[in-house]
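Okay, structure first, notes after.
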Amino acid sequence: MKRALVVIVIGLFSSQASAAMSCTVSAGEKKLAGAAKTSYLKKCEADAKSACEASAADRKLAGAAKSSYLKKCVADATGG
């Protein structure tokens, strides 16, 4: 249990997700609106989820640690 907690804490402070520009900020800078913005945000979120899942697999996370990491990683990447 302690090991899983340590892995979660390390994952939360990972610079990978926070180094990337969030989807909402990126969409704002591109001055997207309406359907174009919606489509962009949807694709950006899907890309972020894929990248976070790959990162979780590299870190060999499973169970609650993986779920927690994915939730935080995707939220950081998408700006939500």
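Things to note:
This table checks each residue for (1) in a helix (DSSP H, G or I); (2) buried (at least 16 other Cβ atoms within 10 Å of the Cβ).
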position: MET21; (1), (2): no, no
position: LYS31; (1), (2): no, no
position: LEU41; (1), (2): yes, yes
position: ALA46; (1), (2): yes, no
position: SER50; (1), (2): yes, no
position: SER55; (1), (2): yes, yes
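- Subset of the range 39-79 (residues that are of a type in the set (Lys, Arg) and without any contact (Cβ under 8 Å) to a residue 24 or more places away in the chain): LYS42, LYS43, LYS60, LYS66, LYS71
All of the numbers you see were taken from the coordinates with simple rules; none came from a lab. Just so it is clear, the structure is predicted and the values come from calculations on it, not from any experiment. Note: ideal-geometry Cβ built from the backbone for every residue, glycine included; neighbour counts use all protein chains shown.
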